[in-house]
Every structure is written in structure tokens, then in C-alpha cells.
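Every number in this text was worked out from the coordinates using simple rules, so none of it is lab data. All values reported here derive from a predicted model rather than from experimental measurement. As a convention, Cβ positions derive from the backbone with ideal geometry for all residues, glycine included, and neighbour counts pool all protein chains shown.
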Amino acid sequence: DNIQAVNVFIAAATQWRTGTAGATGLDYTALEAIMRMLGIKRKDMGEVLEDVRVLEDIALDTMRKNQK
């Protein structure tokens, strides 16, 4: 069910915004372009984005734990 979100998340591996404290989140403007390139229909993009945001949150939490 989540394969589209996983594919977007993997394709966005180089699209992390970073600062002095490390990664702060994905560049959402890049996500729309990635979704278009992956052929995700516009009507599905909102749902896929929500699923990607869950993956992003988990990844950020993991990165923060690994920085300690």
C-alpha cells in the first residue's frame, strides 16, 4: 500500500534540508517534482505526501538518536 511513498522517499535521499543541528526535513518542493517523475497521479499526491511525512518523521527521529 505504501510503495509509492517509499519510492518517493528513496528518490528524495539527496533532498534533505540541513542546518548546524543536522537534518531538519525534506525539501517539499523537490517532492512534487519527484512524484511527477515517478508518474504519481496528481489526485494521489496529497496522500503520498502524508505517507512520506511519516517516513520523514521516523528518519529524523533516528538521525537525532544517532547523533547523541
Selection within segment 1-23 - in contact with a strand residue (DSSP E or B) (Cβ under 9 Å, 6 or more places away or on another chain) and either closer than 19 Å to GLU50 by Cβ or free of Cβ contacts under 8 Å to residues at least 24 places away in the same chain (or both): PHE9, ALA12, GLN15, TRP16, ARG17, THR18
Which of the residues belonging to segment 13-68 are touching an Asp or Glu at 6+ places or on another chain (Cβ under 8 Å), surrounded by 12 or more Cβ atoms within 10 Å (Cβ to Cβ) and not in a helix (DSSP H, G or I)? GLN15, TRP16, GLY25, LEU26
